[in-house]
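Every read-out reported here was derived from the displayed coordinates using simple, explicitly stated rules and does not represent laboratory data. All values derive from a computational prediction rather than experimental measurement.
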Amino acid sequence: MAACCATGARVLSACGDEGGIVICGFRLPDMNWLELAEDLPAGFQVLLIARPERVEETDLPPGTVFLPLPLKIPDLLSTLEIMFHGIRKRKRPGRTRPGIRSDQDRRTIEKAKEILMERNHMTEPEAHRYLQKCAMDSGNSMTDTAAMLIAMTR
């Protein structure tokens, strides 16, 4: 969800329960950024854009990122990208590093590697690295990525 709000009260009423990022300046018409940050539900982060001298002596609460004015667009975009990446990581269900794979998972990965080796003339290590990279890029497990590859080639 995206919303553009002129007051802190409207920001708070627009907040859902799934978390997000609130971009604001130092002062809103009805409150300052720190009051807003303290009242936000869990799962929300604040991107504060203000003059450095206004924020110097303030300890930023957890989940708050500060960008100084004058603002550079590349800095804004890269900061938002990092913040969104953090939100996506937190939203994933309890993912842990896989321990020992089941026989079924191993067969799925082997089948996907065989398809890559046959169709793309890859060696076994190249196919394995390709599956790993695709899994990491998509945020899925290697088994899920292998299963998707198999499904796409049927």
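For the chain, adding -39500 (n - 2.57) for each run of n ≥ 4 DSSP H residues and dividing by the number of residues yields -16000 deg cm²/dmol at 222 nm. Considering only D103, D17, D75, give the residue with the highest GNM mean-square fluctuation for the chain, with springs between Cα atoms whenever their separation is below 10 Å. Ranking D103, D17, D75 by mean-square fluctuation puts D103 first. Helix 124-138 and the longest principal axis of the Cα set of the chain meet at an angle near 30°. The stretch 1-75 and the stretch 99-142 have their alpha-carbon centroids 42 Å apart. Highest mobility in the GNM of the chain, judged by mean-square fluctuation with C-alpha springs under 10 Å and restricted to E126, E38, E18, is found for E126. Pairing the Cα long axis of helix 142-152 with the longest principal axis of the chain, what angle in degrees results, from 0 to 90 and rounded to the nearest 10? Result, in degrees: 70.
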